[in-house]
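K.L.:
A single structure is presented below for examination.
The values are calculated or read from the model by the stated rules, or taken from the named source; none is laboratory data. Only a predicted model underlies this, so the values are computations on that prediction, with no experimental measurement involved. Backbone-built Cβ (ideal geometry, glycine too); neighbour counts: all protein chains shown. In case anyone asks, the SASA skips ligands and DNA or RNA and just uses the protein heavy atoms, side chains included. Shrake-Rupley method; radii C 1.70, N 1.55, O 1.52, S 1.80 Å.
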Amino acid sequence: MDNEAIRKERGQRKGARQAPRLDWWREARFGMFIHWGLYAVPAGEWKGVKIPGIGEWIMYRARIPVAEYELLARQFNPVKFNAAEWVSLARNAGQKYLVITSKHHDGFCMFRSEVGDYNIVDATPYGRDPLKELAAECQKQGIRLGFYYSQTQDWHHPDGDGNDWDYDEEKKDFAGYIDGYVKPQVRELLTNYGPIGLIWFDTPKRITVEQSQSLLDLCHEIQPDCIVSGRLGNALGDYASAGDNRIPGQVADMDWETPATINDTWGYKTYDHNWKSSRDLIRQLVDIVSKGGNYLLNVGPTAEGVIPQPSVDRLLAVGNWLKVNGEAVYATKPGPIQGLDWCRSTARLDKVYLHVFDWPQDGAINLSGIPVSGAYFADPLRTVLPVTSKGDAVMIQGPSIAPDEIDTVVVLVVDH
Ligand code: FHN
């Protein structure tokens, strides 16, 4: 049981649970996270040495001086980036929103900014703003767009948090950095790219209650419908953020999301081949949704702008599964059957969706305490299954071989 998965300071603000601005997000359930930035150039290796840990932390882990790290911008030329392809991959994966790093902890901005020239338009040979292109494509293909923005850590800005190898932490004017740099940039992100579904702040660390509150107010003032992630800090987000790759052990009575990796890193690393299987990803999605959460699944494109093929393959496999079983995922709530290893459940209107992970050898599904009056498979054939009841016990008879060994969805018609 992972009951510490959602830390208090990343929790949901009081009253936010009732806010209609979250409605689309509650129905979406599944999103694409994209970690893309200068760190894709070294891709896990610095001066011939493989740097352990997640790829986007290479500047920190190798204590790379700002003056040296900045030079990576000259090599960043993602000529293979194609916004239409990325957005269509998200669509085909069954993901309803996309969140991309506009600025990660290394401080490099993936958008044109008037507040400094350490950004993809002004500092790289590429000279284009990929967020503009993604915004246009998301509009076109009906995907909500969100921006990740590292509000506290900035290892490039002299007053941002985290870089103590170039700057003296004691002398930093963190408040000045928030007011004079972060806020204008958040304003740019919410003004120049059309409607933005959400702002995904991260690693709150030293940010004060007042600073978190003022960032929240700023987002809602510019775009009242924009939602703000729990990593804003101080329990002020519109929804709660679970730890990376962490899933609560039981239903969490709040709006929450798990950000997760497909391999071990977020930002691209040439040598991270520890890919989760599509079976693991589908089951994680279902596990999360059955507990009332959203799944934000990451890809880390290369410096050329290519999403690694193992990620593409797995996302498409999840998408194919969702094409058949999507009604048991989107816009559902946690179902009434909880705490069993062999299955999960979700619910919508008068239907309960039983997700069977471990199909019984004799094909007999035994449940208790659920008044089931009918059952059928969620696949397009909608094969009806015989149901027999005895007192509190219900038995649904299916075939002896699992129709889908990853997750067979049985739709239960339940008397209320
Ligand atoms: O430090 C970051 C990390 O690089 C990555 O962006 C993840 C994604 O959830 N968030 C932070 C660690 O929790």
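K.L.:
When you go through L297, L315 one by one, which is the residue that is at pLDDT 95 or above and more than 12 Å from the ligand (Cβ to nearest atom)?
P.N.:
None of the others qualify; the one that does is L315.
K.L.:
Kindly indicate whether R231 is within 14 Å of the ligand (Cβ to nearest atom), under 22 Å from A5 (Cβ atoms), outside any loop (DSSP other than H, G, I, E, B) and touching a strand residue (DSSP E or B) at 6+ places or on another chain (Cβ under 7 Å).
P.N.:
In short, yes.
Results for (1) among the acidic types (D, E); (2) under 22 Å from the mean Cα position of the chain (by Cα); (3) under 30 Å from G127 (Cα atoms), shown as yes or no for each residue.
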{"residue": "A328", "(1), (2), (3)": "no, yes, no"}
{"residue": "T346", "(1), (2), (3)": "no, yes, no"}
{"residue": "P360", "(1), (2), (3)": "no, no, no"}
{"residue": "L367", "(1), (2), (3)": "no, no, no"}
{"residue": "P386", "(1), (2), (3)": "no, no, no"}
{"residue": "D404", "(1), (2), (3)": "yes, no, no"}
{"residue": "L412", "(1), (2), (3)": "no, no, no"}
{"residue": "H416", "(1), (2), (3)": "no, no, no"}
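K.L.:
Something else about it: Please go through segment 311-345 and give me each residue that is in a strand (DSSP E or B) and out of contact with any Leu (no Cβ under 9 Å at 6 or more places or on another chain), ordered by number.
P.N.:
Scanning segment 311-345 gives K333, P334.
K.L.:
Which condition breaks for R10 when tested against (1) farther than 20 Å from G233 by Cα; (2) in contact with a Ser or Thr (Cβ under 6 Å, 6 or more places away or on another chain)?
P.N.:
Of everything listed in (1) farther than 20 Å from G233 by Cα; (2) in contact with a Ser or Thr (Cβ under 6 Å, 6 or more places away or on another chain), R10 misses just condition (1).
K.L.:
Under 7 Å by Cβ, and 6 or more places apart or on different chains, what pairs join a residue from segment 97-122 that is closer than 15 Å to Q75 by Cα and touching a residue at least 40 places away in the same chain (Cβ under 8 Å) with one that is open to solvent by 10 Å² or more (accessible area, probe 1.4 Å) and within 16 Å of the ligand (Cβ to nearest atom)?
P.N.:
Note: pairs meeting the criteria are F108/H156; Y118/H156.
K.L.:
Mind checking which pairs have a first residue in segment 266-282 that is at positive phi and in contact (Cβ under 8 Å) with a residue 12 or more places away in the chain and a second that is open to solvent by 60 Å² or more (accessible area, probe 1.4 Å) and of a type outside the set (A, V, I, L, M), Cβ under 9 Å, 6 or more apart or different chains?
P.N.:
Going by the 9 Å Cβ cut-off, there are no qualifying pairs.
K.L.:
From the residues in segment 46-103 that are in contact with a Leu (Cβ under 9 Å, 6 or more places away or on another chain) and of a type in the set (G, A, S), which one is nearest to the ligand (Cβ to nearest atom)?
P.N.:
The selected residue is S102.
K.L.:
Next question, about the same structure. Cβ-Cβ under 6 Å, sequence separation 6+ or interchain: first residue in segment 211-225 and touching a residue at least 24 places away in the same chain (Cβ under 8 Å), partner small (G, A, S) and outside any helix (DSSP H, G or I). Which pairs?
P.N.:
S212/G233
K.L.:
Filter segment 244-266 down to residues that are assigned to a loop (DSSP other than H, G, I, E, B), in contact with a strand residue (DSSP E or B) (Cβ under 8 Å, 6 or more places away or on another chain) and modelled with pLDDT of 95 or more, then give me how many there are.
P.N.:
Residues that pass the stated criteria total 11.
K.L.:
Is it fair to say Y181 is assigned to a loop (DSSP other than H, G, I, E, B), open to solvent by 10 Å² or more (accessible area, probe 1.4 Å), more than 15 Å from K8 (Cα to Cα) and more than 16 Å from the ligand (Cβ to nearest atom)?
P.N.:
no
K.L.:
Could you list all residues from segment 96-117 that are on the phi > 0 side of the Ramachandran plot and at pLDDT 95 or above?
P.N.:
If the condition is that a residue be on the phi > 0 side of the Ramachandran plot and at pLDDT 95 or above, then G107 is the only one that fits.
K.L.:
For segment 48-158, list the helices (runs of 4 or more DSSP H) that sit wholly inside it and hold at least 3 residues that are buried (at least 20 other Cβ atoms within 10 Å of the Cβ) and within 21 Å of the chain's Cα centre (by Cα); which are they?
P.N.:
Result: 83-92, 130-141.
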